[in-house]
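Step one of this worksheet: look at the structure below.
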């Protein structure tokens, strides 16, 4: 039995250490690791599917507290929950400062849970691939729910939404009566807005903020693929574990409706196509950059173009043509 | 002397028929034409540069009347003016219905002017390359001003802005006191908004609309790379040739300021780099699609991915790897 066969078998049995090991393989930039990762992913197949929940929330909204409470609620129901982080900003600091496991101590000790911090990769493109493959590994390991968490830096929300079955936006109570500077684009991809910290002194403020967001969502065009009442805004308290069951109920309502109406399958199909074309593009460019001669041509051509010496299309042909020599 | 050398020589001498012939070459999809076009573009070089003005206006705003009046004003000053159209929608109808030359009869008869209708190409990507190369040909032919016109369908304004030194938005007087449904993104790329039809019964309405846009522009973040007062909105009448000299004066103020501050050169450099990377991407994909075996692999892989049988990254590697066989 090869090392990869063995890893695949242990992973399929749901062993968390095997899963962690497999994710390390897909995160690696080493060519031999990439080859092993590809072999492993091909061996595991795509038969099992989890509910993929994208979750965005800026620092300070209580995201770790929410994920811990929400995850523990699900594991208490016997569900297996994986948490993956997409945080391009952590590339700069070399990983989260405290570490995701420290942030969610109780959940990380839960036998039914698996938490994986954000990898230290420099490009969102690399993070996206790693996360998609990590999701596939979690599914093969039999997890029921995969939470894909992002801090919402730059384009990371769009990337996470493109690999999720539903997208949840976690917000804090707003200071005034104005909506927080939530970008319109994010509001548009959110299926569910959760206003956290609806507890103690902030409770009434959280309820007002929630009403504001509910109003804003009503003003936005209703998506024809969603049931009545969605997208929706509700107030929750991760600290007091209030409203988490309602949030889970809403997620299930939405996802069941999408499954019943073929929207879930169509969405997964479109996402897979999107990532396939993205991967072809990225891998083609990587091939050019990995070859020293081609890379040198690419850089020289770019310098010529930037200096206005050569037209972009002519310079590009000078790079692409030698990469595909005519067949003899 | 080869056919291409001859064409290059006549084009450099400013012969309009040679220019028309050269643009036909860059528009052609035939492999031999593409090779000749590349040879021609390389022979012509990039020494001469015109002022590239992007102009967007939806049908009904009087765009043809404006271009004719504006172009005739410039040719009367001895300037040579080329007009290129970017209209992805014409791909559907197989070219503009009336034809650009009919639309601008006087300008098309002007010795100092050159008008080229939009080609019937199906993809904005193809139109973008053809237009960039046609701009380069017009510059080599010694034109002083190149007007790149678009009807503003879909992404065409962004594409035109990415190849222009300045971007002008032509609008009609608004019906009410509300701004016409001008997309915010377009407002953001416009250097100059011209409210046309400031004549006859519409004059006061045009002035009001202009004031509204001026206010909207002031509310938008001022671009640090622009001089005081820009972006700007002014009222013009193409029909009565009123305000066209003021518009031209504003364009010159802006472009001289940008030249003096290194912004013009930086912008051209960034645009060239942008198009270079775009061209590399497009040409790499074209190579895959042009090869029957690779195309078959690409399509089979996409079907596998869409059906959820293979992960996007694994399927993409199955397409890209055989395209770059290992060197022996």
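The values are calculated or read from the model by the stated rules, or taken from the named source; none is laboratory data. Bear in mind that the values here come from a model prediction, so they are computed numbers and not experimental data. Counting neighbours? That spans all protein chains shown, and the Cβs are built from the backbone with ideal geometry, glycine included.
Looking at B:291, B:321, which is the one that is over 34 Å from the mean Cα position of the chain (by Cα) and on the phi < 0 side of the Ramachandran plot? Walk me through it before giving the result.
Details: B:291 fails: over 34 Å from the mean Cα position of the chain (by Cα).
After ruling out the rest, the residue left standing is B:321.
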Fill in the blank from the handout: Cβ pairs under 6 Å, 6+ apart or interchain, first in the range B:285-298 and within 12 Å of residue B:316 (Cα to Cα) and facing chain A (nearest Cβ under 9 Å), second in a helix (DSSP H, G or I) and at pLDDT below 90, ordered by first then second residue, are B:298/B:288
Practice task
Return yes when residue B:304 is more than 7 Å from chain A (Cβ to nearest Cβ), closer than 29 Å to residue A:267 by Cβ and surrounded by 13 or more Cβ atoms within 10 Å (Cβ to Cβ) and no when it is not.
Solution key: yes
Exercise for the section: Of the conditions (1) out of contact with any strand residue (DSSP E or B) (no Cβ under 7 Å at 6 or more places or on another chain); (2) buried (at least 17 other Cβ atoms within 10 Å of the Cβ); (3) modelled with pLDDT of 95 or more, residue A:78 clears all except one; give me its number. Expected result: (2)
Handout entry: Selected residue (criterion: modelled with the lowest pLDDT) from residues of the range B:24-57 that are away from chain A (no Cβ under 14 Å) and buried (at least 17 other Cβ atoms within 10 Å of the Cβ)
Key = B:57
Practice task
Of the conditions (1) under 23 Å from residue B:307 (Cβ atoms); (2) under 23 Å from the mean Cα position of the chain (by Cα), residue A:261 clears all except one; give me its number.
Solution key: (2)
Completion exercise
Within the range B:313-328, of all residues that are assigned to a helix (DSSP H, G or I) and farther than 19 Å from residue A:268 by Cβ, the one farthest from the other protein chains (Cβ to nearest Cβ) is B:322
Practice task
Please verify whether the range B:268-277 includes one or more residues that are surrounded by fewer than 18 Cβ atoms within 10 Å (Cβ to Cβ) and within 25 Å of residue A:132 (Cβ to Cβ).
Solution key: yes
Practice task
Count, please, the residues in the range B:229-267 that happen to be part of a helix (DSSP H, G or I), in contact (Cβ under 8 Å) with a residue 40 or more places away in the chain and touching a strand residue (DSSP E or B) at 6+ places or on another chain (Cβ under 9 Å).
Solution key: 7
Practice task
Please go through the range B:10-23 and pick out each residue that is over 16 Å from residue B:134 (Cβ atoms) and either in contact with a strand residue (DSSP E or B) (Cβ under 7 Å, 6 or more places away or on another chain) or surrounded by 14 or more Cβ atoms within 10 Å (Cβ to Cβ) (or both).
Solution key: B:10
Practice task
Grab the helices (runs of 4 or more DSSP H) fully contained in the range B:20-93, keeping just those with 2 or more residues being within 20 Å of residue B:194 (Cα to Cα).
Solution key: B:63-76
Exercise for the section: Kindly list the number of the only condition in (1) closer than 30 Å to residue B:276 by Cα; (2) under 21 Å from the mean Cα position of the chain (by Cα) that fails for residue A:314. Expected result: (2)
Handout entry: Unmet criterion (only one of (1) facing another protein chain (nearest Cβ under 9 Å); (2) in a helix (DSSP H, G or I); (3) under 28 Å from residue A:138 (Cα atoms)) for residue B:310
Key = (2)
Handout entry: Matching residues in the range B:103-127 - criterion: being assigned to a helix (DSSP H, G or I) and modelled with pLDDT of 85 or more
Key = B:105, B:106, B:107, B:108, B:109
